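A quick write-up on the structure given underneath.
The values are calculated or read from the model by the stated rules, or taken from the named source; none is laboratory data. The model shown is predicted, which means the values in this text are computed figures rather than measured ones. For neighbour counting, all protein chains shown are included, and Cβ atoms are generated from backbone atoms with ideal geometry for every residue, glycine included. Ligands, DNA and RNA are stripped out before the accessible areas are found, and what is left, the full protein with its side chains, is counted by its heavy atoms. Shrake-Rupley method; radii C 1.70, N 1.55, O 1.52, S 1.80 Å.
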Amino acid sequence: MYVNMGLIGYPLGHTFSPVLHTHFLDITGINGGYTCYEAESPSSIPYLLDMFRRYSFAGVNVTVPYKIEIMKYCDALDASAEKTGAVNTLRFVNGKITGYNTDVYGFGRMLETAGISTAGKNILLLGAGGAARAVIAYLAEFQPDKLTIANRTVAKAGFLASLCSFKAVSSDMDSVRGGIYDIIINSTSIGLKGEGFPAVGAASEALVDLQYKPAVTPFLAGYGSGPERINGFSMLVWQACRSFAIWTGTEPEPDIKKLSDIAYRS
Ligand code: NAP
């Protein structure tokens, strides 16, 4: 049997997902393929979903900017998507679509692999977009003592803080500059266009960036020497592993070193 998988989003020119899923196919011996479908406008989503059903796709990933938009096309949502309020993975069974969010799993596995615990900590989360929702869904399980969510659009941070089942406050980006935290997590897209990212607050334990390119991301580069710092590459790999498992029933054991060599060699 051939397993058809893919990705919808825009733009997709720099996505690493096909490399990851081709690696998973290789190491599991599953016969299949992973193809990218750029959807410049949301109006092309229904057409793409029809095509995926006609060609019996097992599922597709969904990335920026459609992680929330895609929810209205789902017949059912898995608990991971319900608690996050965003979908990054679709599974097709008998023409019906179930939405999942594997970013929560990916984020958790990244922290656990790095030995970072959020329970009882004082945490600053920068950003209040789709990725921040995945971080908050994870923190609901491993609750910090206090979470500060800082965002350019403060109302969005306030909305996310109001959803938290633990102590959480919102802020603008400037007010947290002098703050001291145990862990600072960057979920903004600042720096993706090559702009600098001056340090926002100080961390005693860890700096965690969801961005992963370059290896020392603009956020991590904004700090001098200090605590443990990790970029989002392993989160990317683990969320992809979980999507692959949802589609194929097989959880791959990825060679992260090999994948990271491929990702950072250019
Ligand atoms: P998103 O929903 O578009 O949110 C972007 C966030 O960045 C918002 O909080 C936005 O603030 C803020 N922002 C963007 N440009 C800004 C600027 N110039 N100044 C200040 N704030 C700015 O995107 P997302 O899906 O959350 O993704 C965010 C980042 O996480 C991206 O870099 C993405 O690559 C990364 N990510 C990584 C993984 C992984 O597996 N490693 C998974 C998911 C996401 P406003 O609300 O004010 O617009």
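Out of 153, 148, which single residue is within 15 Å of the ligand (Cβ to nearest atom), out of contact with any Gly (no Cβ under 9 Å at 6 or more places or on another chain) and farther than 23 Å from residue 233 by Cα? Just a single option satisfies the conditions, and that option is 153.
Residue 14 meets each of the listed conditions (1) modelled with pLDDT under 95; (2) at positive phi apart from (2). When region 204-230 is filtered for residues that are assigned to a loop (DSSP other than H, G, I, E, B) and under 12 Å from the mean Cα position of the chain (by Cα), the ones remaining, listed by number, are 210, 211, 212. Only one entry in 118, 153 is hydroxyl-bearing (Ser, Thr, Tyr) and open to solvent by less than 10 Å² (accessible area, probe 1.4 Å), namely 118.
Evaluated against (1) touching a Leu at 6+ places or on another chain (Cβ under 9 Å); (2) among the hydrophobic types (A, V, I, L, M, F, W, C); (3) assigned to a helix (DSSP H, G or I), residue 81 falls short on exactly one condition, (1). Look through region 130-145, keep the residues that are within 12 Å of the ligand (Cβ to nearest atom) and either open to solvent by 40 Å² or more (accessible area, probe 1.4 Å) or small (Gly, Ala, Ser) (or both), and return whichever of them is farthest from residue 184 (Cα to Cα). Only one residue fits best here, namely 130. Looking across 237, 200, 176, one residue alone is under 19 Å from residue 132 (Cβ atoms), open to solvent by less than 20 Å² (accessible area, probe 1.4 Å) and at pLDDT 95 or above. It is 176. The set of residues in region 84-100 being open to solvent by 10 Å² or more (accessible area, probe 1.4 Å) and either within 16 Å of the ligand (Cβ to nearest atom) or assigned to a loop (DSSP other than H, G, I, E, B) (or both) consists of 85, 94, 95, 100.
The rows are residues; the columns are (1) in contact (Cβ under 8 Å) with a residue 12 or more places away in the chain; (2) not small (Gly, Ala, Ser).
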site: 65; (1), (2): yes, yes
site: 87; (1), (2): yes, yes
site: 94; (1), (2): no, yes
site: 99; (1), (2): yes, no
